[in-house]
Amino acid sequence: LLDAMTDQTGIALERIALQADLEQALVTSEAERLRAALLSSVSHDLRTPLVSIIGAASSLADPALDLAAPARASMAATIRDEGERLDRYIQNLLDMTRLGHGALVPKRVPADLREIAGSARHRLRGALRDHRVEVAVPDDLPQVLVDPLLIEQVVMNLLDNAAKYAPEGSRIDVTARVDGARAELSVGDDGPGIPPDARGRVFDMFYRVAEGDGQRAGTGLGLAIARGIVEAHGGTIAAHPARADGRGTRITLTLPLDTPA
Ligand code: ADP
């Protein structure tokens, strides 16, 4: 009997080992798939702005073109805007790598959401120049306990999306308020909105709503990084319609207050 039991245990253990091998293989192939997708997406997304930068710089550098001042200024602006885009993109990649390794540990200092939102808006002024941005953060909003640069990165990702998906000339709002023991900040726009069944998935890495009228160049990383950073602060993030009639997109995040009420 003992022998039979030992045999059974041996078989069971082998099964468990086999199962673990299989799971490991699945995890590895999933990681491989992600790595491959990331590589092709990264090379594409790095090249697109670089091609614009090189094109504009070559025209500026070509004496034969003899460009007039307004044309030169517009090319310089292209170089700046595309350079800023590259910078944000690389920052997002760095954040993502650190999040993946658990190496992104936010520092927590008392900070002012009004200043963070203002700074994000200022740094993104190139991308936002065709929209009306309204920052409505009350003066007396209590301070939050966050890593200001990381939260600025999140707000920039949200503003960048709003500018990308909402029509030119439309309004983008940044709103904040206290909700119990947390501060709540949201960015709303009058764009095409995110379909209800995609609202949970847009925070997944590489997930993009199917190509449609409203779809623009992008990486599917911005919201995944936003979620990673917000959750590393113990906060939450979610997507809703922006307006009472169900139009637009509002991304709402919550953050810890410095001194919870
Ligand atoms: P990206 O914008 O680079 O594709 P994100 O992770 O920032 O990646 O967003 C994921 C997807 O969610 C986008 O591809 C888009 O389909 C959808 N999305 C995000 N923000 C908005 C928005 N403000 N309005 C409409 N769709 C949005």
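The values are calculated or read from the model by the stated rules, or taken from the named source; none is laboratory data. Predicted model only: the values in this text are computed from it and were never measured. For neighbour counting, all protein chains shown are included, and Cβ atoms are generated from backbone atoms with ideal geometry for every residue, glycine included. Each accessible area value is taken on the protein alone, full model and side chains, heavy atoms only, with ligands, DNA and RNA left out. Shrake-Rupley method; radii C 1.70, N 1.55, O 1.52, S 1.80 Å.
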Open item on the list: Considering only residues that are crowded, with 17+ Cβ neighbours inside 10 Å and either of a type in the set (Val, Ile, Thr) or more than 9 Å from the ligand (Cβ to nearest atom) (or both), which ones fall in region 189-198?
Closed with: 190, 194
Task: Conditions (1) charged (D, E, K, R); (2) within 11 Å of the ligand (Cβ to nearest atom); (3) surrounded by fewer than 15 Cβ atoms within 10 Å (Cβ to Cβ); number of the one not met by residue 177 - done: (2)
Open item on the list: Checking residue 171 against (1) open to solvent by 40 Å² or more (accessible area, probe 1.4 Å); (2) without any contact (Cβ under 8 Å) to a residue 60 or more places away in the chain; (3) within 14 Å of the ligand (Cβ to nearest atom); (4) in contact with a Gly (Cβ under 8 Å, 6 or more places away or on another chain): exactly one of these is not met. Which one?
Closed with: (4)
Open item on the list: Go through region 66-118 and report how many residues are of a type in the set (A, V, I, L, M, F, W, C), surrounded by 13 or more Cβ atoms within 10 Å (Cβ to Cβ) and modelled with pLDDT of 90 or more.
Closed with: 10
Open item on the list: Give me the residue from region 122-147 that is modelled with pLDDT under 95 and basic (Lys, Arg) and, out of that set, most open to solvent (accessible area, probe 1.4 Å).
Closed with: 129
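Restricting region 219-261 to residues that are of a type in the set (Val, Ile, Thr) and in contact with a Ser or Thr (Cβ under 9 Å, 6 or more places away or on another chain), which is farthest from residue 140 (Cα to Cα)?
That would be 219.
For region 199-217, what are the residues that are surrounded by fewer than 16 Cβ atoms within 10 Å (Cβ to Cβ) and modelled with pLDDT under 90?
Correct list: 206, 207, 210, 211, 212, 213, 214, 215, 216, 217.
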